[in-house]
Amino acid sequence: MVGGPYYDVPQGRRDGRRSVDTDTLTALPSPFLNASALITLFGTHGFNVQDMVALSGGHTLGVAHCPSFTPRLKFEASTLDAGFASSLAATCSKGGDSASATFDRTSTAFDGVYFKELQQRRGLLSSDQTLYESPETQRLVNMFAMNQGYFFYAFTQGMGKMGQIDLKEGDRGEVRKSCRVVNKPSW
């Protein structure tokens, strides 16, 4: 629907019986992590550096709220395009903590623009821009910026691995009748 790659999602997988949005606060990486911390964190789940950078490219879609990036405006000026910083500061001063900004200029299309914007120092989050600033990951950012097809390939590989995290077996979890809703008890 947004132009990105297709990838297989195995069916019949058991999901947890709990689905609470606040769980993401501890499950997702902090927007303030540097490349080394991201590599370590993703590595604990079996991802390599290429997987981590490609999955970060999922930020080609969507928005982040001001508290996720205002520290970057104050403390990371050397890695932030001045015009972009001014625009973000105006957005947050006008809308407060509930205001948001898009991850890249094509935030409704799944494409490689996210990586091109990192090259221009227009990464919204610290955890985005660090991917270009770090020697550990800059080569991959450049490769994905230059070759969208390779980014798509690497992204699908990472999503395949992501689908294997915390698999439930036996009586743990449930196969949902609708993937969006926890099954109702049958008693």
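The values are calculated or read from the model by the stated rules, or taken from the named source; none is laboratory data. As the structure is a computational prediction, the values presented were derived from the model and not from experiment. Because the Cβ atoms are built from the backbone with ideal geometry, glycine has one as well, and the counts that use them run over all protein chains shown. Note: areas computed on protein heavy atoms with side chains; ligands, DNA, RNA excluded. Shrake-Rupley method; radii C 1.70, N 1.55, O 1.52, S 1.80 Å.
When you check Arg13 against the structure, is it within 25 Å of Tyr153 (Cβ to Cβ) and either open to solvent by 60 Å² or more (accessible area, probe 1.4 Å) or touching a Cys at 6+ places or on another chain (Cβ under 9 Å) (or both), yes or no? Criteria met by Arg13. Among residues of the range 160-183 that are surrounded by fewer than 11 Cβ atoms within 10 Å (Cβ to Cβ), those with a Cβ under 9 angstrom from a residue that is among the acidic types (Asp, Glu), sequence gap 6+ or separate chain, pair up as Cys179/Asp15. Considering only residues that are under 22 Å from Asp111 (Cα atoms) and free of Cβ contacts under 8 Å to residues at least 60 places away in the same chain, which ones fall in the range 7-27? Within the range 7-27, none qualify. The residue that is surrounded by the fewest Cβ atoms within 10 Å (Cβ to Cβ), among those in the range 73-94 that are touching a Lys or Arg at 6+ places or on another chain (Cβ under 7 Å) and of a type outside the set (Asp, Glu), is Thr79.
Looking at Phe84, Phe151, which is the one that is more than 15 Å from the chain's Cα centre (by Cα) and over 30 Å from Arg18 (Cβ atoms)? Give the derivation first.
Values: Phe151 fails: more than 15 Å from the chain's Cα centre (by Cα).
Unique residue meeting the criteria: Phe84.
Considering Thr44, Thr60, the condition of being β-branched (Val, Ile, Thr) and touching a residue at least 24 places away in the same chain (Cβ under 8 Å) is satisfied by Thr60 alone.
The residue of the range 128-159 that is nearest to Ala54 (Cα to Cα), among those that are open to solvent by less than 40 Å² (accessible area, probe 1.4 Å) and not in a helix (DSSP H, G or I), is Thr137.
Residues in the range 57-72 that are open to solvent by 20 Å² or more (accessible area, probe 1.4 Å) and either closer than 21 Å to Gln138 by Cα or modelled with pLDDT under 95 (or both): Gly58, His59, Leu61, Gly62.
Of the set (1) open to solvent by less than 50 Å² (accessible area, probe 1.4 Å); (2) among the charged types (D, E, K, R); (3) over 15 Å from the mean Cα position of the chain (by Cα), all apply to Asp97 but (1). On the given criteria, is Phe32 part of a loop (DSSP other than H, G, I, E, B), under 17 Å from Thr130 (Cβ atoms) and open to solvent by less than 80 Å² (accessible area, probe 1.4 Å)? Here the answer is no, as Phe32 does not meet what is asked.
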